[in-house]
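Just so it is clear, none of the values below were taken in a lab; they were calculated from the coordinates. Note that this is a predicted model, so its numbers are computed, not measured.
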């Protein structure tokens, strides 16, 4: 798949997961990718290390469902005796922290890609997690193993 920009030639893009195999997007059409820049429903919330961070509207459903599950089920059973408001605050904070860890995970992938000379366009959080939009695919298994090592570095320290 390629993306053509007016200031650059065709640029290969990378998508992962069911979007590739289900045919949700066609050659040259990046609108089927939840994390692609310009995707309807994705809203920019800022930049980290020069990488645009966006949240797709489906992210709100995930945060709400996780917060509700924690506030109505898990925390009252695990920590009895707190008020309903307290359970909801803890549930919402926990859901947001979960996605903060997803963002840290995607940032590690993106920073490793940058060290290998691959341009990173953006990171988008959506209902199923996050996606880093890279300008091209990694061509060697060595690069992939370094991305997995970066994941291990982030998750093993928390």
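Dividing the C-alpha radius of gyration of the range 50-158 by 2.2 N^0.38 Å, with N its residue count, gives 1.30.
Normalising by the residue count of the range 50-158, find the relative contact order in percent from Cα pairs under 8 Å and 6+ residues apart.
Values: 133 pairs, mean separation 33.9, N = 109.
This gives 31 percent for the range 50-158.
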